[in-house]
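Reviewing the structure listed below.
The values are calculated or read from the model by the stated rules, or taken from the named source; none is laboratory data. Computed from a predicted structure; not experimentally measured. Don't worry about glycine lacking a Cβ; one is built from the backbone with ideal geometry, like all the others, and counts go over all protein chains shown.
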Amino acid sequence: MADIVNQAPSEKPQIHVIGIYPVEITKSILLENARLEFGDGRFYLDDILQLSDDAFAEHFEEIYLVEIGIDRLDALFDPERFTQEESGTPPDSWQVAYDEKYLDSEGASVQPKPASGDRIRLAFFFHSPNLNQPLLTPYRAVELPMPTPMPERLRNLFRYVPPC
């Protein structure tokens, strides 16, 4: 963090949340996502798929896709450092960004990780965020906007499959 503190204000990375979108997931969508991501193999989803419909809906009701923009990316950038404080839980057990993808400037296509100094757009899944609490980033805490429906451009790029 010392590198950030010593930078001139105009050189510091600037971060903003573009949007936060609830992820709609059903058993059939989850199975299709797994097939599209991994092919026709074994997905280790049996336990999840055997849940009752109500238990399944409850299990997946708090998953969001978070889209952010960062100007002047630097070497401190690490998507796994995007988290949110969970009172009473050790920091190494807090939720972190999951299945992040770098996007073009319009957020319409997936891109390789950009170089330091670039402006980036990134989206990732986040489980059970507290919408009244800021998202902690490598640079500063940022407020989350109210959720809105997921744009079609992102729906086509992101397929939620739970972490193993």
(request) Considering only the range 55-77, state which residues are buried (at least 19 other Cβ atoms within 10 Å of the Cβ), of a type in the set (Phe, Trp, Tyr) and under 21 Å from Asn130 (Cα atoms). (result) Phe60, Tyr64
(request) Please enumerate the residues belonging to the range 60-73 that are over 17 Å from Met150 (Cβ atoms) and in contact with a helix residue (DSSP H, G or I) (Cβ under 7 Å, 6 or more places away or on another chain). (result) Arg72
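Each row is one residue, and each column tells you yes or no for (1) free of Cβ contacts under 8 Å to residues at least 60 places away in the same chain; (2) surrounded by 13 or more Cβ atoms within 10 Å (Cβ to Cβ); (3) touching a Pro at 6+ places or on another chain (Cβ under 8 Å); (4) outside the structural domain of Glu67 (by TED's automatic domain parsing).
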position: Gln95; (1), (2), (3), (4): yes, yes, yes, no
position: Ala108; (1), (2), (3), (4): yes, yes, no, no
position: Ala115; (1), (2), (3), (4): yes, no, no, no
position: Pro129; (1), (2), (3), (4): no, yes, no, no
position: Pro134; (1), (2), (3), (4): yes, yes, no, no
position: Thr148; (1), (2), (3), (4): no, no, no, no
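Let's see how each residue does on (1) assigned to a loop (DSSP other than H, G, I, E, B); (2) over 26 Å from Leu31 (Cα atoms):
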residue: Asp47; (1), (2): no, no
residue: Asp74; (1), (2): yes, yes
residue: Phe77; (1), (2): yes, yes
residue: Gly88; (1), (2): yes, yes
residue: Ser116; (1), (2): yes, yes
residue: Arg121; (1), (2): no, yes
residue: Phe125; (1), (2): no, no
(request) Identify, from the list Val96, Val110, the residue that is under 19 Å from Arg153 (Cα atoms) and in contact with a strand residue (DSSP E or B) (Cβ under 8 Å, 6 or more places away or on another chain). (result) Val110
(message) Checking Glu80 against (1) modelled with pLDDT under 95; (2) crowded, with 17+ Cβ neighbours inside 10 Å; (3) under 13 Å from the mean Cα position of the chain (by Cα): exactly one of these is not met. Which one?
(response) (2)
(request) Write out, first by first residue and then by second, each pair whose Cβ atoms fall under 6 Å of each other, whose residues are 6+ apart or on separate chains, and whose first residue, in the range 76-87, is more than 11 Å from Phe126 (Cβ to Cβ) while the second is outside any loop (DSSP other than H, G, I, E, B). (result) Glu80/Val96
(request) Return a yes/no flag: does the range 45-66 have any residue that is touching a strand residue (DSSP E or B) at 6+ places or on another chain (Cβ under 9 Å) and at positive phi. (result) no
(message) Considering only residues that are of a type in the set (A, V, I, L, M, F, W, C) and either at pLDDT 90 or above or under 21 Å from Glu61 (Cβ atoms) (or both), which ones fall in the range 17-42?
(response) Val17, Ile18, Ile20, Val23, Ile25, Ile29, Leu30, Leu31, Ala34
(request) Could you tell me whether any residue of the range 132-139 is over 28 Å from Glu37 (Cβ atoms), modelled with pLDDT of 95 or more, within 15 Å of the chain's Cα centre (by Cα) and outside any strand (DSSP E or B)? (result) yes
(message) Every residue in the range 67-77 that is of a type in the set (D, E, K, R) and either modelled with pLDDT of 90 or more or at negative phi (or both), please.
(response) Glu67, Asp71, Asp74
